[in-house]
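The values are calculated or read from the model by the stated rules, or taken from the named source; none is laboratory data. Everything numeric here is computed off the predicted structure, so don't read it as measured data. Glycine gets a Cβ as well: all are built from the backbone with ideal geometry, and neighbour counts include every protein chain shown. In case anyone asks, the SASA skips ligands and DNA or RNA and just uses the protein heavy atoms, side chains included. Shrake-Rupley method; radii C 1.70, N 1.55, O 1.52, S 1.80 Å.
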Amino acid sequence: MFNTRVKIKELLASEQTGHEVTVMGWIRTFRNNQFIALNDGSTNNNLQVVVELGLLDEATLKRLTTGASIKVIGEVVASLGKGQKVEVKAKTLEVLGDSDAEKYPLQPKKHSLEFLREKAHLRFRTNTFGSVFRLRNSLAFAVHKFFNEKGFVYLNTPIITSSDAEGAGEMFRVTTLPFDNPPRNEDGSVNYTEDFFGKSTNLTVSGQLEGELGAMAFSEIYTFGPTFRAENSNTTRHLAEFWMIEPEMAFNDIEDNMNLAEEFIQYLIRYAMEHNMEDLEFLDARLADEEKSKPVAERSEFGLIEKLKFVVDNQFERITYTEAIQILLDSPAYKKKKFKYDVAWGIDMQSEHERYLVEKHFKKPVIVTGYPAAIKAFYMRLNDNCEEGKQTVAAMDILAPGIGEIVGGSQREERLDKLEKRMNEMHIPLEEMSWYLDTRRFGSVPHAGFGLGFERMVLFVTGMTNIRDVIPFARTPKNCEF
RNA sequence: UCCCGAAUAGCUCAGUUGGUUAGAGCAUCUGACUGUUAAUCAGAGGGUCUCUGGUUCAAGUCCAGAUUCGGGAGCCA
């Protein structure tokens with residue numbers, strides 16, 4: 001058997017000495033012709049492998065370069081040096097894979113995130129990205145754990161879909177037709193009946209509508225999968241391909257929905273703090289270092305771990321849209337005309353408004369409910385007893401400091417007549433959505449759900465500031481490497 | 001898509017009112033040293049100044065366009 005190695009994380013944690021081990025990993029640095037800092041991705045902490053003088057010939061020593069992979073058998077001993085408690089004194093050392101130091105892009109020095117983005121295939125070998133992607137892994141696992149513990153059914157909604165009625169965003173077309181010469185109808189339009197699926201299809205922009213079908217049978221489901229938006233968005237918080245978590249719960253109203261979303265977010269953060277404290281500490285220090293280079297006024301009040309603790313220990317602020325607008329109108333920022341966009345009941349709040357509420361006014365995550373119907377999707381439940389001309393829906397957005405909208409959700413319109421009326425008003429073809437309307441025709445129940453952008457959650461937990469740095473291989477406009 | 005900014009060595013960056021042979025730190029290589037922590041010390045190599053066009057006796061430097069990247073906005077998760 002080849003793999004009898006011990007993982008570096010376990011070896012460093014046990015602090016046991018006197019026994020022989022096999023370790024394998026990649027060389028981070030080789031100092032003094034004697035000390036190898038070895039990393040295997042299990043932790044940011046390197047294992048110091050000591051190569052005593054005379055153990056290796058000149059030629060082998062030359063092959064111990066940054067990035068090279070090695071297998072070492074040796075004794076775990078107490079370290080004489082200061083940086084670590086234990087180290088491995090090598091008895092045999094085998095180079096598994098060479099790494100030409102002149103060509104290997106990662107140098108034993110600090111690199112910019114922009115540079116590493118171009119070397120996305122190698123950036124996992126750095127401390128920052130090691131921590132980020134170990135955290136991403138933990139958070140993904142915690143997502144499943146949370147819903148599993150609550151008895152939700154994990155439902156895989158389709159990635160290729162013919163449903164285009166949701167209007168959540170521009171879609172990527174899926175076709176096998178030759179794009180330079182597609183079959184055409186008599187009127188010149190493309191004849192999709194000859195396409196692979198016999199109709200026009202796209203990559204999904206949301207699994208919600210299919211998720212509702214599941215909730216109408218299992219009571220509570222969630223999806224966790226890739227989502228695609230062909231928007232030409234060039235920001236630090238948008239991706240063309242991202243992962244979204246969408247729970248959908250029958251017999252739940254907007255209140256239950258908010259409670260679940262808040263509990264969910266806090267659960268994920270708590271899980272990360274319990275299982276990845278080392279990585280959080282590394283990112284906390286990294287962020288603190290970054291902050292030092294900023295002007296004092298732009299520095300954040302909290303460190304990363306401080307921020308996470310605060311979010312876990314405190315309830316999210318809950319306000320209605322109408323209250324939010326009033327807070328903005330009463331704000332010094334509004335009175336001093338600091339906002340670029342005007343504030344009035346009915347507006348779709350701009351990010352400057354959301355940031356004011358979250359970062360200046362409440363200084364904590366905020367859940368906003370009861371948005372005007374006119375600016376929200378067709379499936380959101382119309383609130384009863386609204387003031388004349390101020391029809392609202394049972395929608396809720398969770399706004400997080402530094403990220404903005406991290407969750408968007410609503411109680412769904414379960415009343416067939418009201419839903420059909422709304423769809424007609426918004427020119428959504430009822431015939432094509434017949435399968436969706438069946439949930440309201442046969443045993444309709446009050447239900448609710450939300451969508452959480454996984455990468456935005458990872459951004460929040462890691463303290464990274466660009467969404468391209470929290471997904472292994474980012475897909476953004478004009479960029480599809482690897 | 002819009003606004004702003006940037007592009008010079010492997011990386012991070014200097015580069016004066018346009019003027020001879022474009023610099024530094026780190027990395028790399030060579031040598032020294034050998035209980036080092038991004039080791040240290042000495043030396044060496046390394047450049048189509050993003051691309052295209054223009055102005056000029058002369059362009060890394062000025063102008064126009066393109067490309068890519070970064071920050072912000074919109075759209076949203």
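Which condition does A:Y267 not pass, out of (1) crowded, with 21+ Cβ neighbours inside 10 Å; (2) in contact (Cβ under 8 Å) with a residue 60 or more places away in the chain, if it passes all the others?
A:Y267 satisfies all of (1) crowded, with 21+ Cβ neighbours inside 10 Å; (2) in contact (Cβ under 8 Å) with a residue 60 or more places away in the chain except (1).
Please work out if A:Q107 is within 16 Å of A:M24 (Cβ to Cβ), in contact (Cβ under 8 Å) with a residue 12 or more places away in the chain and near RNA strand B (Cβ under 8 Å from one of its atoms).
no
Go through region A:387-413 and give me each residue that's surrounded by fewer than 19 Cβ atoms within 10 Å (Cβ to Cβ) and more than 30 Å from A:T462 (Cβ to Cβ).
Once the filter is applied, which keeps residues that are surrounded by fewer than 19 Cβ atoms within 10 Å (Cβ to Cβ) and more than 30 Å from A:T462 (Cβ to Cβ), region A:387-413 yields A:E387, A:E388, A:G389, A:K390, A:Q391.
Scan region A:12-31 residue by residue and report those that are under 32 Å from the mean Cα position of the chain (by Cα) and within 15 Å of RNA strand B (Cβ to nearest atom).
If the condition is that a residue be under 32 Å from the mean Cα position of the chain (by Cα) and within 15 Å of RNA strand B (Cβ to nearest atom), then A:L12, A:W26, A:I27, A:R28, A:T29 are the ones that fit.
Which of the residues belonging to region A:208-235 are modelled with pLDDT of 95 or more and part of a loop (DSSP other than H, G, I, E, B)?
A:S219
Determine whether A:E425 is touching a residue at least 60 places away in the same chain (Cβ under 8 Å) and among the acidic types (D, E).
It is false that A:E425 is touching a residue at least 60 places away in the same chain (Cβ under 8 Å) and among the acidic types (D, E).
What helices (runs of 4 or more DSSP H) completely inside region A:236-326 contain at least 1 residues that are under 30 Å from A:A215 (Cβ atoms) and in contact with a strand residue (DSSP E or B) (Cβ under 7 Å, 6 or more places away or on another chain)?
Per the criteria, A:254-275.
State whether the residues of region A:400-420 include one that is more than 30 Å from A:L116 (Cβ to Cβ), away from RNA strand B (no atom under 16 Å from the Cβ), out of contact with any Ser or Thr (no Cβ under 6 Å at 6 or more places or on another chain) and free of Cβ contacts under 8 Å to residues at least 24 places away in the same chain.
The answer is yes; a qualifying residue exists.
Is it the case, given these coordinates, that A:R237 is open to solvent by 20 Å² or more (accessible area, probe 1.4 Å), within 16 Å of RNA strand B (Cβ to nearest atom), among the basic types (K, R) and in the same structural domain as A:G449 (by TED's automatic domain parsing)?
So A:R237 passes the test.
Run down A:G211, A:G169, A:G198 and say which single residue is over 23 Å from A:V143 (Cα atoms), of a type in the set (G, A, S) and open to solvent by less than 30 Å² (accessible area, probe 1.4 Å).
A:G169 is the lone residue from the list that is over 23 Å from A:V143 (Cα atoms), of a type in the set (G, A, S) and open to solvent by less than 30 Å² (accessible area, probe 1.4 Å).
Here is a yes/no grid of residues against (1) under 20 Å from A:I375 (Cα atoms); (2) touching a residue at least 60 places away in the same chain (Cβ under 8 Å); (3) not assigned by TED's automatic domain parsing to the domain that holds A:L287:
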site: A:F310; (1), (2), (3): no, no, no
site: A:F316; (1), (2), (3): no, yes, no
site: A:F339; (1), (2), (3): no, no, no
site: A:Q350; (1), (2), (3): yes, no, no
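Every residue in region A:239-256 that is in contact with a Leu (Cβ under 8 Å, 6 or more places away or on another chain) and of a type in the set (A, V, I, L, M), please.
A:M244, A:I245, A:M249
If you take the residues in region A:429-482 that are away from RNA strand B (no atom under 14 Å from the Cβ) and of a type in the set (G, A, S), which one is least open to solvent (accessible area, probe 1.4 Å)?
The qualifying residue least open to solvent (accessible area, probe 1.4 Å) is A:A448.
Just checking, does region A:108-121 include any residue being touching a strand residue (DSSP E or B) at 6+ places or on another chain (Cβ under 6 Å) and either open to solvent by less than 50 Å² (accessible area, probe 1.4 Å) or among the hydrophobic types (A, V, I, L, M, F, W, C) (or both)?
no
Residues checked against (1) in the same structural domain as A:R286 (by TED's automatic domain parsing); (2) surrounded by fewer than 18 Cβ atoms within 10 Å (Cβ to Cβ); (3) at pLDDT below 90:
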position	(1), (2), (3)
A:L12	no, no, no
A:E15	no, yes, yes
A:Q34	no, yes, no
A:L47	no, no, no
A:A59	no, yes, yes
A:L93	no, no, no
A:E102	no, yes, yes
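Which condition breaks for A:I27 when tested against (1) within 22 Å of A:K110 (Cβ to Cβ); (2) open to solvent by 20 Å² or more (accessible area, probe 1.4 Å); (3) out of contact with any helix residue (DSSP H, G or I) (no Cβ under 7 Å at 6 or more places or on another chain)?
Checking A:I27 against (1) within 22 Å of A:K110 (Cβ to Cβ); (2) open to solvent by 20 Å² or more (accessible area, probe 1.4 Å); (3) out of contact with any helix residue (DSSP H, G or I) (no Cβ under 7 Å at 6 or more places or on another chain), the one that fails is (2).
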